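The values are calculated or read from the model by the stated rules, or taken from the named source; none is laboratory data. Keep in mind the model is a prediction, meaning the values are calculated, not measured. Note: ideal-geometry Cβ built from the backbone for every residue, glycine included; neighbour counts use all protein chains shown. Keep in mind that these areas ignore ligands, DNA and RNA; they rest on the heavy atoms of the full protein, side chains included. Shrake-Rupley method; radii C 1.70, N 1.55, O 1.52, S 1.80 Å.
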Number of protein chains: 2
Amino acid sequence: MKNKAIIGIDIGGTNIKAALVTGRKIDHRTRASTRAELGPDISIEQIKSVIEPVRKAAKAIGIGIAGIIDSKKGLVKYSPNLKGWKNVPLARILRNAFGLPVYVLNDANAICLGEWKHGAGRGHENVFLFTVGTGVGGAAICEGKLLFGAHGFAGEFGHTTINLDGPKCICGHRGHVERYAGAKYIVARARRKIANNKSLLAGYDTLTPEIIARTAKKGDKVAREVFAEVGQYVGIGVANIIALFDPDIIILSGGIARAGSILFEPVRNTVSRATLGPEHRRYKIVPAQLGDDAGILGAALFAKLTVTGSSV
Amino acid sequence: MKNKAIIGIDIGGTNIKAALVTGRKIDHRTRASTRAELGPDISIEQIKSVIEPVRKAAKAIGIGIAGIIDSKKGLVKYSPNLKGWKNVPLARILRNAFGLPVYVLNDANAICLGEWKHGAGRGHENVFLFTVGTGVGGAAICEGKLLFGAHGFAGEFGHTTINLDGPKCICGHRGHVERYAGAKYIVARARRKIANNKSLLAGYDTLTPEIIARTAKKGDKVAREVFAEVGQYVGIGVANIIALFDPDIIILSGGIARAGSILFEPVRNTVSRATLGPEHRRYKIVPAQLGDDAGILGAALFAKLTVTGSSV
């Protein structure tokens, strides 16, 4: 019998998650600690350990991983969350170990493929997805095809400038989208506000965007202000995306995508104010639907499309 | 004998230029005044007058025109330079008049196709072209295919925000690229400077970006400063393009593209400072090569590719 499943793998800085994927169906989930602090050799052993139990049922492996990925060569050029990963030929290493074809792509690209095929982007031909977490990533489907660009780095939404005189981003440049929407900057914005205002947030030792969102939903004025402001910055960035890509759907993925209207309302209001010719456009700005599964499903889809020679 | 030529037409606010195009070869140029102030009916008669002398040698017509164009329907939804053009079914009107297939696309898209196939973009698969004139337009070739987006408006570089607290653009929004690089804003920048500084530019009653560029080349300090500043703003915008599209070549078209190093040096310096991971990228920022012919060649190419069912 021909194996039809594909092993989809999502490699993060903390955990490696894998599963057998057949279309939209996810079976045999496996998981391991990335042990990123111990360097690539140990992390690769951890990756192998999640593949081993499911290898016999699979015809290919697809991997999503944060960083600068050369998908054509299956090379991880650099990964911000994985210590010491520099030009690691991940596809070759795993192909040699398991005798299966292996395909590697950037994590935001994997999530975008997953949401496009099985989640919020179903039926759309022009999709821009961005992920908001520690960092802010992005990926584009242009006319039914995932955009890689000349080096595979297309879609870098987080490091686009919206405010050239603005505050410095972690990368050293000013006024990037990530400088406003990255988790630690959202938290810092809240901390500045609670220093001078009464807020339920003052009761937390550790703040996260998720806590701020929950508190905002309870009606806390300061927490709501945080998301109103972050939403305006994100909205300016999204208006740029609309000007350049003209998507019919923009999908927001990552933890704060679940914040609901306290985030989406200021984003949508800003976008509709900041976009030229809104009367000629139809677009939606929506939360992702698949949560953590998007990356696994998208990585598997990438492998499937590549192994069958379809365009992605 | 089978006609192989295609009529390429470039419709501007002042002139309509047409020619018979066979590959890179341009024959039988014709031209007429657009008479835009008299409304669409008169301008359409003017368009017919440039087609008439060459119709018998052609198998199709391709038209580039500024504005919001629905290329699938051959519809000019709106054109900023043509008075009263609203939902004009230009392709249908001309098809009925001449019995030839007619294809219409945005002028920046036409220029981009022309430069890609025959000019500065030859051999590249990921191209971003932007035009700087009265307005600032743009267009993208992504992996060998012109990007239209969901409504045909992709590539709107001029109205992307780089400075959300910046000065207001003609469109009402703040800190757009066009607000810094559009012709009248370049001239206004020069005028502010010559009010307080000695400059050869003070000798001109009417200033244009071209005059400022020529004066800068003569070593005039104020004129050079104008381009150094404009180049920095444009460079931030181009860095955003690199982050989002990851092109291997960026082509600057329009009058000031001929300014040479006084413009390209600050643009290139800013881009290389403002781009993440420059060591992993190879890209060029170059002037367009075809001048006014790019639009005619690209419009003809669009018609050729569409009429033969090739993807564009």
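One table, with the values for the structure above:
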item	result
Among B:ALA108, B:ALA18, B:ALA239: highest mean-square fluctuation, GNM of chain B, C-alpha pairs under 10 Å	B:ALA239
Relative contact order [Cα under 8 Å, 6+ residues apart], chain B, whole percent	20 percent
Candidate residues A:ILE42, A:ILE170: accessible-area rank, largest first, probe 1.4 Å	A:ILE170, A:ILE42
Inter-chain Cβ neighbour average for residues A:268-276, partner chain, 10 Å	3
Per-peptide average of other Cβ atoms within 10 Å, ordering B:297-305, B:90-98 highest first	B:297-305, B:90-98
Anisotropy class of chain B from Cα gyration tensor, a/c 1.5 cut	prolate
Interchain or long-range residues, amide H under 5 Å from B:LYS4's placed H	none
Protection proxy ranking, peptides A:62-68, B:23-29, average beta carbon neighbours within 10 Å, highest first	A:62-68, B:23-29
Peptides ranked, highest mean first, by Cβ atoms within 10 Å: ranges A:113-125, A:185-197	A:113-125, A:185-197
Gyration tensor verdict on the stretch B:123-287 (Cα atoms; rounded if a/c is under 1.5, prolate if a/b is larger than b/c, oblate otherwise)	prolate
Rel. contact order, % - alpha carbon contacts under 8 angstrom, at least six apart, the stretch A:123-287	24 percent
Chain A: most fluctuating residue of A:ALA57, A:ALA181, A:ALA140 per GNM, C-alpha cutoff 10 Å	A:ALA57
For A:243-253, mean number of other protein chain Cβ atoms within 10 Å	5
B:ASP41 - accessible surface, heavy atoms, 1.4 Å probe, Å² rounded to 10	120 Å²
Per residue solvent-accessible surface (Å²) - the stretch A:123-287, probe of 1.4 Å	39 Å²
Averaged over B:230-238, number of beta-carbon atoms from partner chains that fall within 10 Å	1
Prolate/oblate/rounded call for the stretch A:201-312, Cα gyration tensor, a/c under 1.5 rounded	oblate
C-alpha center-to-center spacing [the stretch B:192-222, the stretch B:32-60] in angstrom	39 Å
Gap separating the Cα centres of the stretch A:104-160 and the stretch B:254-306, nearest whole Å	25 Å
25 Å Cα-Cα threshold exceeded, pairs from A:LYS25/A:LYS72; A:LYS59/A:LYS117; A:LYS145/B:LYS168; A:LYS73/A:LYS284; A:LYS284/B:LYS168; B:LYS59/B:LYS117	A:LYS25/A:LYS72; A:LYS145/B:LYS168; A:LYS73/A:LYS284; A:LYS284/B:LYS168
Interface size B-A, as summed buried accessible area [1.4 Å probe, Å², nearest 100]	3800 Å²
Whole-percent carbon and sulfur share, accessible surface of the protein assembly as shown, 1.4 Å	49 percent
Solvent-accessible area per residue for the stretch A:6-45 (1.4 angstrom probe, square angstrom)	48 Å²
